[in-house]
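The values are calculated or read from the model by the stated rules, or taken from the named source; none is laboratory data. Quick caveat: nothing in here was measured; it's all calculated off a predicted structure. Cβ sites come from the backbone with ideal geometry, for glycine too, and all protein chains shown count toward neighbours. Accessible surface areas use protein heavy atoms only, side chains included; no ligands, DNA or RNA. Shrake-Rupley method; radii C 1.70, N 1.55, O 1.52, S 1.80 Å.
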Amino acid sequence: MENILKGIKAFVFDVDGVFTDGGILADCNGELYRTFDAKDGFGIRMAAMRGYKLGIITGGRSESIPKRFIQCGIKPEDVYLGSRDKIEDFEDFCRKYDLLPEEILYVGDDLPDIPVMKACGCGAAPADAVEEALEAADFISSKPGGKGCVREIVKMTMQAQGTWALDVLDFATRAIRLTTYFMDLQQIQ
């Protein structure tokens, strides 16, 4: 497993059941709400700071999804909403960054994720993924979706490459740049 992880240059994730516990709250107007784990968010921010390419491929359509992940360092153009053919979006992500599928670690938890889990270099799943996704996974997190599985997977990969370390000054500088970027993006929209 460590040899596979050493070749990873990018992380791509599903959202519901990976960054969340799969629960979705809906108000009477049909607006959907999700709860995210802050430690998972910081894990992907660490990956962003170290130059890993990051993407989201989700069947969800809520505009709150890109807003959440922009704050973590994922570019808005790398958030694929309403995906019905995840392999198509995965291939677009690969082309965009000139990445080979084997250079990408993908985390998914359900049936629509399986084609990408099989196509990428390392398919990972949270501990509570559906049976078929667990069978397709190269790695199964010890943690369930929305409860630290993303952080565990990102940390394990970065540790295998020697990139999991926090330089506080560098973090502060990059956090300021990211906040500025996010604020500029809000003004454009």
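For the range 115-151, the tally of residues that are closer than 19 Å to residue 1 by Cα and without any contact (Cβ under 8 Å) to a residue 60 or more places away in the chain stands at 16.
Entry remark, the range 1-32: residues being open to solvent by less than 30 Å² (accessible area, probe 1.4 Å) and free of Cβ contacts under 8 Å to residues at least 60 places away in the same chain number 1 in total. For the range 22-43, the set of residues classified as of a type in the set (D, E, K, R) and under 15 Å from residue 152 (Cβ atoms) consists of 37, 39, 40, listed by residue number.
Determine whether the range 110-119 contains at least one residue that is touching a helix residue (DSSP H, G or I) at 6+ places or on another chain (Cβ under 7 Å), crowded, with 19+ Cβ neighbours inside 10 Å and closer than 24 Å to residue 38 by Cα. Yes, that holds for at least one residue.
For the range 81-90, the condition holds for no residue, the condition being that it is among the small types (Gly, Ala, Ser), closer than 19 Å to residue 136 by Cα, at pLDDT 95 or above and buried (at least 18 other Cβ atoms within 10 Å of the Cβ). If you go through the range 135-155 and pick out every residue that is within 16 Å of the chain's Cα centre (by Cα), buried (at least 19 other Cβ atoms within 10 Å of the Cβ) and part of a helix (DSSP H, G or I), you end up with 6. All conditions but one from (1) in a helix (DSSP H, G or I); (2) open to solvent by 20 Å² or more (accessible area, probe 1.4 Å) apply to residue 128; the one that does not is (1).
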